[in-house]
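Contents: one structure, followed by commentary.
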Amino acid sequence: MVYSTHSQVVRKIVSVQWNDSYGNDSESMLGYSDDIVGNYVMSLLYKFLQFDSNFNVMLVFAHSYDIQPFHDRYLQNLNATSMGCNYSESCLDSYRDRESNILLTYSSAMLEACTYTDMVIFVNYLPDLEDYSLAVHTLKAGCGFCYLIYDPETVEADTRSPSICEDNSLESQLQRYHSVITDEQTPLSPVQIGPSMEMLATMLEVEESVLCNRYYDAVTY
């Protein structure tokens with residue numbers, strides 16, 4: 001069962017690392033790079049767009065990360081656009097009108113785009129708690145998917161967050177995301193979603209099960 005703090009936002013935090021027991025022959029590795037987070041994100045993204053190619057998906061990166069190589073590596077053949085740290089009216093218009101329905105950006109520029117977004121994925125990045133809360137609360141029409149996918153060995157934290165190099169700080173930061181709720185008096189409760197979103201959630205869970213063969217992955221929630 002999927003749990004969330006918003007009745008129609010499916011939230012998951014996924015830790016991924018290579019599964020060394022998975023075959024590393026040329027056939028099994030065909031099409032895969034050493035960027036395990038990128039591979040995992042794209043597997044889910046393809047499944048998401050397979051369900052509805054018109055969905056808007058926003059990928060949010062650490063501010064120190066150069067998003068253009070990610071775009072060139074994975075999204076050359078998809079309808080994607082990049083928006084840097086500064087807000088861009090033209091990029092937002094293209095995203096809002098679905099001329100480009102995949103947006104790569106940083107948390108400092110994601111505010112306006114959230115209201116047009118069906119799925120937001122934080123890519124190997126631990127956002128500030130306020131930014132994470134913003135994503136959960138402002139997804140389009142109050143429903144959608146919010147994923148945080150990271151490699152514990154390479155993940156970057158927001159500069160306003162505690163250093164993940166400190167003992168137990170990564171675990172502590174992840175626990176803070178659990179505190180994001182729409183009503184401070186309401187505990188985590190099962191997600192209430194419609195049939196269409198439930199079908200998509202099931203498809204994503206099946207894809208995650210397939211990916212387990214290639215990676216060690218741990219879904220926090």
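Using Cα pairs under 8 angstrom and six or more residues apart, how large is the relative contact order of the stretch 27-130, in percent?
Averaging sequence separation for qualifying contacts and normalising by length gives 37 percent for the stretch 27-130.
What residues have an amide H closer than 5 Å to that of Trp18, excluding those fewer than 5 places away on the same chain, when H is modeled at 1.01 Å from N in the peptide plane?
Long-range HN contacts for Trp18: Tyr216.
So what are the ³J(HN,Hα) numbers for the stretch 56-62, from phi and the Karplus equation (6.51, -1.76, 1.60; θ = phi - 60°), rounded to whole Hz, Gly and Pro as x?
Residue by residue, the stretch 56-62 yields 9, 10, 10, 9, 10, 10, 5 Hz.
How would Leu103, Leu200, Leu170 line up from fewest to most surrounding beta-carbon atoms within 10 angstrom?
With the sparsest Cβ surroundings first, the list reads Leu170, Leu200, Leu103.
What is the order of Tyr125, Tyr74, fewest Cβ neighbours within 10 Å to most?
Lowest count first: Tyr74, Tyr125.
Can you put Leu45, Leu174 in order of Cβ neighbours within 10 angstrom, beginning with the fewest?
Leu174, Leu45
Taken together, the values in this text are just the output of simple stated rules run on the coordinates, not laboratory data. Here the structure is a predicted model, which is why all the values come from computation and not from measurement. For neighbour counting, all protein chains shown are included, and Cβ atoms are generated from backbone atoms with ideal geometry for every residue, glycine included.
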